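Novice: Below: one structure in structure tokens.
The values are calculated or read from the model by the stated rules, or taken from the named source; none is laboratory data. Note that the structure is a prediction, hence the values are computed from the model and not measured. Here Cβ is always computed from backbone atoms with ideal geometry, including for glycine, and neighbour counts include all displayed protein chains.
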Amino acid sequence: MAYVKFFDTTLRDGEQSPGVALNTQQKLDIAHALARLKVDIIEAGFPITSQGDFECVNEIAKQVRGPVIAALARTHRADIERAAEAIAPAEKGRIHVFTSASDVHLEHMLRKTRAEVLALSDEMVRYARTFVEDVEFSAQDCMRADPEFVYELVRVAIAAGATTVNVPDTTGYGTPHDYGALIRSIFDNVPEAAGITISTHCHDDLGMATANTLAAVENGATQVEVTINGIGERAGNTALEEVAMALYTRRDHYGHDIGIDTRELYRTSRLVSRYTGMMVQPNKAVVGENAFAHEAGIHQDGVIKHKSTYEIMNAELVGREAGVLVMGKHSGRNAFRQRLAELGYEGLAKEQLDALFTQFKALADVKQSVTSEDLRALVENQLVKVAETYRLEHVQFQSGSGGMTPQALVRLRTPEEVVEATATGSGPVDAAFSALRSITPVPFELESYDLKAIGSGTDALGEVTIRVAAGDRTLYGRAISTDVVQASVLAYVDVMNKLAAGAGRSKAEARSITMSL
């Protein structure tokens, strides 16, 4: 069973992503994370490009142990010398020499003939071998090159001493069928390739980088060049986490071993995202926020019964918390009941669950997802509710700048009839309370008003708590809603219902007891 090496180029090709510029400490942090991840090779940079890049590669070579530390170099003596100097302190060092293979590159970029490229490749690989035993050779844009010329380059590189030959699809032009066929044809046409490592390097311009890389592995490649989160030039590179988990999860199909510590994948992904400022899309495979989340009721019901119904790999395997049930408008009653149980709310009566589920669905219609804090607030609000003598039927308000006087209309259902009132105030909440006071059968005085957000975001629930004095009694009203004016009115109605039920404490009791809602 073959072993597939992981060559990580996050710090070189990945840093070439537009807008990304990592400092030395950030690169060191990422390099140490890659070592914990147990990648086989870290391409630390391109030392000839700047003094800063040289110093970063050199520091990584000094400090990071475990992986091979590689440095990139063109087929120029100065590049190779600078690369050799940068990786000199490494426990294991590699010089990665590259040129181009396609005629469009030779004509417009290198401005050399095929014969000149072959001769220079031979000379520079041999020169790199005078510094290190581990030399990798790459020829850019192989998928758009003449295959016969690719074979010639591979033969020359191997004869010159290259221990790894990389076959890049630099422009993301290949399809899995064509790229896999190119790798296979190299083994068929260059028999000596069987004695070295053939590597892949794919870009994602057509969204096929991971598929192309896996097709190459199926056809004999034993090194994959990848980046964390798939970052890199243009549409990026092959994502390390995708290839690692494909080879791990489908070992039955690919039949290869890997050395990656999969439990470090998520942590490394977050580190790279934070340092580069390149956010990971929620639906990104393996490391996206939604990768192990379930919202659809059918999916949630299946996962509750057995995880394998919808999960082909465990979240814990990639260093994440167990897959979560995301509570939203598509969630079913079974998932809702289980989520409440996970939060510690067990033994609720069927009537309470039915009422809570109805409230949850109403909340889910106005929020993208319902958080644990939201669910706790719904339950706690339900548990302290008293009988609804009064029910809010409607609240409407208007307010604005430029001299507009805030106004509110409130409509209540009482045991006898539906009543409504309109009033003005210094703000919409004040106006709504004024309207309520005009239709409150038992007068009471507002002593305190408290508003706080539950969770975060502009759609967070607002929790309103009020304390009132009614004769010799002190009562608290509490309500939640994504609309803070509605929450305020509901808290007021809560007090009215408590008064109707004879709830509340005397002022003497209130002074001696600290109430927390």
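Novice: Here's a check for you: in region 12-31, which residue that is surrounded by fewer than 18 Cβ atoms within 10 Å (Cβ to Cβ) and closer than 15 Å to Ala61 by Cα is nearest to the chain's Cα centre (by Cα)?
Specialist: Asp29
Novice: Does Thr227 qualify as being surrounded by 21 or more Cβ atoms within 10 Å (Cβ to Cβ), touching a residue at least 12 places away in the same chain (Cβ under 8 Å) and among the hydroxyl-bearing types (Ser, Thr, Tyr)?
Specialist: Spelling it out, Thr227 is indeed surrounded by 21 or more Cβ atoms within 10 Å (Cβ to Cβ), touching a residue at least 12 places away in the same chain (Cβ under 8 Å) and among the hydroxyl-bearing types (Ser, Thr, Tyr).
Novice: Among (1) of a type in the set (S, T, N, Q); (2) crowded, with 23+ Cβ neighbours inside 10 Å; (3) farther than 21 Å from Phe137 by Cβ, there is one condition Thr9 misses while meeting the rest; what is its number?
Specialist: Of the numbered conditions (1) of a type in the set (S, T, N, Q); (2) crowded, with 23+ Cβ neighbours inside 10 Å; (3) farther than 21 Å from Phe137 by Cβ, the odd one out for Thr9 is (3).
Novice: From Asp205, Asp169, Asp178, Asp146, which residue is closer than 19 Å to Gly230 by Cβ, modelled with pLDDT of 95 or more and surrounded by fewer than 20 Cβ atoms within 10 Å (Cβ to Cβ)?
Specialist: Asp205
Novice: Sticking with this one: Exactly one condition in (1) farther than 15 Å from Thr10 by Cα; (2) more than 17 Å from the chain's Cα centre (by Cα) is not met by Glu225; state its number.
Specialist: (1)
Novice: If you go through region 484-496 one residue at a time, do you hit one that is of a type in the set (Ser, Thr, Tyr), touching a helix residue (DSSP H, G or I) at 6+ places or on another chain (Cβ under 8 Å) and modelled with pLDDT under 85?
Specialist: no
Novice: Restricting to region 445-464, name every residue that is crowded, with 21+ Cβ neighbours inside 10 Å and either modelled with pLDDT of 75 or more or in contact with a Leu (Cβ under 6 Å, 6 or more places away or on another chain) (or both).
Specialist: Of everything in region 445-464, those that are crowded, with 21+ Cβ neighbours inside 10 Å and either modelled with pLDDT of 75 or more or in contact with a Leu (Cβ under 6 Å, 6 or more places away or on another chain) (or both) turn out to be Glu463, Val464.
Novice: While we're looking at this one, here's another question. Taking Ala387 and the conditions (1) assigned to a strand (DSSP E or B); (2) at pLDDT below 70, which numbered condition does it fall short on, given that it satisfies the others?
Specialist: Here Ala387 clears every test but (1).
Novice: Mind checking which pairs have a first residue in region 387-411 that is assigned by TED's automatic domain parsing to the domain that holds Asp430 and buried (at least 18 other Cβ atoms within 10 Å of the Cβ) and a second that is part of a strand (DSSP E or B) and among the acidic types (Asp, Glu), Cβ under 7 Å, 6 or more apart or different chains?
Specialist: Cβ pairs passing all conditions: Val410/Glu420.
Novice: Within the set of pairs 6 or more residues apart or between chains, which connect a residue that is crowded, with 23+ Cβ neighbours inside 10 Å inside region 44-56 to a residue that is in a strand (DSSP E or B) and not small (Gly, Ala, Ser) with Cβ atoms less than 6 Å apart?
Specialist: Pairs that qualify, where the first residue is crowded, with 23+ Cβ neighbours inside 10 Å and the partner is in a strand (DSSP E or B) and not small (Gly, Ala, Ser), are Ala44/Ile69; Phe46/Leu72.
Novice: Here is a follow-up. Just the residues that are under 14 Å from Ala221 (Cβ atoms) and either among the small types (Gly, Ala, Ser) or outside the structural domain of Tyr254 (by TED's automatic domain parsing) (or both), please, taken from region 150-207.
Specialist: Residues satisfying the conditions are Gly174, Gly180, Ala181, Ser185, Ala193, Ala194, Ser199.
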